[in-house]
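Read the figures in this text as sums done on the coordinates, not as results from a lab. A quick note: this is a predicted structure, and the numbers were derived from the prediction, not measured. Here the Cβ positions follow ideal geometry from the backbone for every residue, glycine too, while neighbour counts run over all protein chains shown.
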Amino acid sequence: MTPRSSGESAHPPAAPPALPSSLDLARAATLDPVACLEELGVGEEGLTTTEARARLDAIGANVLRSHGTRPLAILVRQLRSYLLLLLVAAALVSAFLGERTDALIIIGILGLSVGLGFFNEYRSERAIEELHESIRRHALALRDGRLTRVDVVELVPGDIVALRVGDVVPADLRLLEAVDLECDESVLTGESAPVRKQVAAVRESDSPLDLPSCAFMGTVVRSGSGRGVVVATGSHTVFGRIALRLGERHEETSFQRGLRDYSRLLVVVTGLLAGSIVFLNSLLGRPLLESLLFALAIAVGLTPQLLPAIVTVSLATGSRRLAQRQVVVKRLVAIEDLGNIDLLLTDKTGTLTEGRTTFASSLDPLGAPNASVLALALAASEAVVEDGEVVGGNDLDRALQAAPPSSRAAPTGWRVVARVPFDHDRQIGSALVETPSGERMLVSKGAPEAILARCARVPEAASATLDRLFVDGWRVVAVATRPAEGFASVDAGDERDLELRGFLTFSDPPKAGAAESLARLRRLGVTVKIVTGDNGTVAEALCRRLGLEVAGTLTGRELEAMNDAELETALGRITIFARVTPEQKARIIRAHRDTGSDVGFLGDGVNDAIALHDADVGISVDTASEVAKDAADIVLLTKDLGILADGVVEGRHIFTNTIKYVLMGTSSNFGNMFSAAGASLWLSFLPMLPTQILLNNLLYDVSELTIPTDNVDEELVARPAQWDIGFIRRFMVVFGPISSLYDFLTFGVLLYAFHASETLFRTGWFVESLATQTLVIFVVRTRRVPFFRSRPSRPLIATTLACATLGAALPYSPAAGLLGFEPLPATLLGTLAVMVATYLALVEVGKRAFFRAERRPAGPLARRRPPRERRLHRLAARWSSARRRPLAEI
């Protein structure tokens, strides 16, 4: 192998040493290729497998950071709550003042609470680690003298790597070959224009990014091809040093914004309530420490401590279920966002079709069979056969090479002198070829519309042939030539005055089950639109076969002539976008988002990276280009719309179960804490001791841990839903007072019917409040009649009943005296049971009246932001550049 730029070469001699010397990329750029290879200790055959393994052991893996689980960091996050730290401080003060029993109880309860959070977050972190380990990226490296697919994690300095269009550069490379090579370095520089690369050494530069003889890790090959030797890997690369300084940054999702808004609401309510308790109890002459402990316990009771755990457990459980269905989630919160989409934009190849492109026929312009057209296309093909395997090129080139020998007359003795690589703007790829007789010609092949536009003359019969092929649903490539005597190189400007030689047809049959998957997405309220580089007539024929109604087709050329307002107006009448460029795909996505849609985009090519980034949810496949997989939020191991529909349902399950926790906390829990605060002002004693409130809160939290396993009613996943803080506030205002009403009724029964002492009062109310707080989940989890028309999951039934029963049994246990309880008379226990039952019945009646008044769609929070509000949220999120944090910190 020889370093070259458009034909130049260099042959390194010498056998490589075991390990390379330390070579800085900036210095490597100033060395000629031969000297660079010698310094890195690599020969023309590349590294051997043994040498590569030795270097990997000595230098380390090609990764920026480990995704390993760090238990200590998780524990620190659990202790980062200021309320918990204040309670610890108060417990220490209690111990100092002699109240050691109370202090031990508080510390014990807090320890259990922290342990619970730690256990659940640890499990979630492990799930994330497993997801990262399941996503692999590969590079073509020269090992043992042959190109081999190597996991990029295993690349080491001295590896010689091949670069092709669409590749993400896997390490910092000193280029050895560069054929019309251009790289998009916007990830490092912010500049959108691709940078031309060269092999020739450069002078020393003040900027570490001004190295045209090098390719940087994380940049994308936009055109051309090349080879380079790895100089630096992992955190030693330019990209790695920047990434480690900045950390991971992600745009805040709508789900995270909803969690933040809900948390802000509770912070305001908790702050006002706790502050009022301390102030008013101080005015009444109550001990300051007792008032402070009581207020802090109330604050803890109102704080949704397990909300992060519920969310992470739900997301981790969902990710595991999706992994079993061949779906890998790169970011857990993307599962919920997938459930929100109401529009899916997708290519047809491999999604609606089998994705196995097969060569069908070679035709002249009149439609008659003609093998010479195939021979010309093979001469200019970018795919080659190595050791019986077709490598390189696009799917159409590979299909040509895989055609049966009987159908092709591959030219012998022809050689490619120069190329103009295919790109998605021109939709053409060309090669300057030389025949055995020394004649040179330019062979161009690509989209028929683009080829015909560059032909000097197009027979009418050729247009008729093309129309017939499109209507029949064939994928078609046109082939044309022109003489090129005396040409040593070619560029896109030479693709003119062509002579049409004929057409190549390819088949890609509809995928089994695609029609049912489309129907299922339609039932889920997800509209499917096709965004394709293929001809619109071909896409329409496929949609008809699959039962997808086509409202209209818009071509890239027609799209280019529209302004943004015209495009937004036309969107409702369009199902297929045909012959579109990468920039147009991104524009289509932005236009749909501006009209209020939540957009999912499924793409797998290098030309899809921009669109994947701009979509609400970017979805790619395991066989996609590396840049597409990097840009995606979700990776499908099998390109199947049915699997994607499973993901949509899973996302809606998670959202619905999260909302169940929220509604449960804003009904009886909020009411009980408000009652405790109010009762403390007119009773001569605290209605519940701080330790009892904390114990109540712990048991309540444990009962909710199984909410992620709960069943979800069909109507709750039939349509997308989003956070609506106004709805939560109204729910709190209606159902909180119902809970408080029953609390004050309980106070009256305890004081006037049973003449309860302080201890009996606290015991009775502890039992009643815990029962109402936990059992209300069976009512608020569904809009149907509980149990009869909507059954909760068995784990939820078990934990809820167990916690309520444990709360009722504690007064009769040996720990009763330590916790400040005493046994309840049987008549009082029966009375409380009747009151709990009537409370649940009243909540059911109130629920029906509430939802009738709301007149909402099926989802409990199905409000969708108006387009302007959605745009403002996205702009704010993008400008904020906030560092992504674990859900436990939200």
Kirkwood hydrodynamic radius over Cα pairs of the stretch 427-549, then Stokes diffusion coefficient at 10 °C and 1.306 mPa s, in µm²/s: 95
Too-long pairs where the Cα-Cα distance tops 24 Å, listed order kept, from 445/511; 348/445; 197/330; 585/639: 445/511; 197/330
Burial ranking of peptide ranges 363-372, 150-159 (average Cβ count within 10 Å, highest at the top): 150-159, 363-372
Inter-label distance for residue 188 and residue 95, nm, one decimal - labels placed 7 Å from Cα along Cα-to-Cβ: 5.5
Separation in nanometres of the label points that stand 7 Å from Cα toward Cβ, at residue 27 and residue 50: 2.9
Förster-model FRET efficiency, 56 Å R0, residue 76 and residue 417, C-beta, rounded to 0.05: 0.35
Pairwise label distance in nanometres, residue 467 with residue 384, each label 7 Å out on the Cα-Cβ vector: 4.3
Under-5 Å amide H pairs with residue 138, H placed in peptide plane, nonlocal only: 152
Cross-link partners of residue 847 among lysines (Cα-Cα below 29 Å; sequence separation of 8 or more within a chain): 660
Karplus-derived HN-Hα couplings along the stretch 757-770 (A = 6.51, B = -1.76, C = 1.60, θ = phi - 60°), whole Hz, x at Gly and Pro: 6, 4, 5, 5, 4, 5, 5, x, 6, 4, 5, 5, 5, 5
Gained length - residue 715 relative to residue 833, 0.36 nm times residue gap less alpha-carbon distance: 39.2 nm
Label zone at residue 358, where the point sits 7 Å out along the Cα-to-Cβ direction: the stretch 497-529 residues whose backbone N lies under 12 Å: 506-510
5 angstrom amide H check on residue 327, placed H, neighbours 5+ away: 637
Per-residue ³J(HN,Hα) for the stretch 806-819, Karplus 6.51 cos²θ - 1.76 cosθ + 1.60, θ = phi - 60°, Hz, x for Gly and Pro: 4, x, 6, 8, 4, x, 9, 8, x, 7, 4, x, 5, 8
Amide proton proximity set for residue 423, modelled H, under 5 Å, gap of 5+: 428
Packing-based ranking, highest mean first, of 704-715, 412-423 given that Cβ atoms within 10 Å are counted: 704-715, 412-423
Added length on full extension, which subtracts the Cα-Cα distance from 0.36 nm per residue, residue 267 to residue 241: 5.5 nm
Descending Cα extents along the principal axes, the stretch 476-533, whole Å: 62, 21, 17
Highest to lowest packing among 504-515, 172-183, scored as the average C-beta count within 10 Å: 172-183, 504-515
Estimated FRET transfer efficiency when R0 is 25 angstrom, pair residue 842-residue 729 (beta carbons, to 0.05): 0.75
Whole-number D in µm²/s for the stretch 309-351 (Stokes-Einstein; Kirkwood sum over Cα pairs; 25 °C, 0.890 mPa s): 210
From phi via Karplus (6.51, -1.76, 1.60), per-residue ³J(HN,Hα) for the stretch 396-401 in Hz, x at Gly/Pro: 6, 4, 5, 5, 5, 5
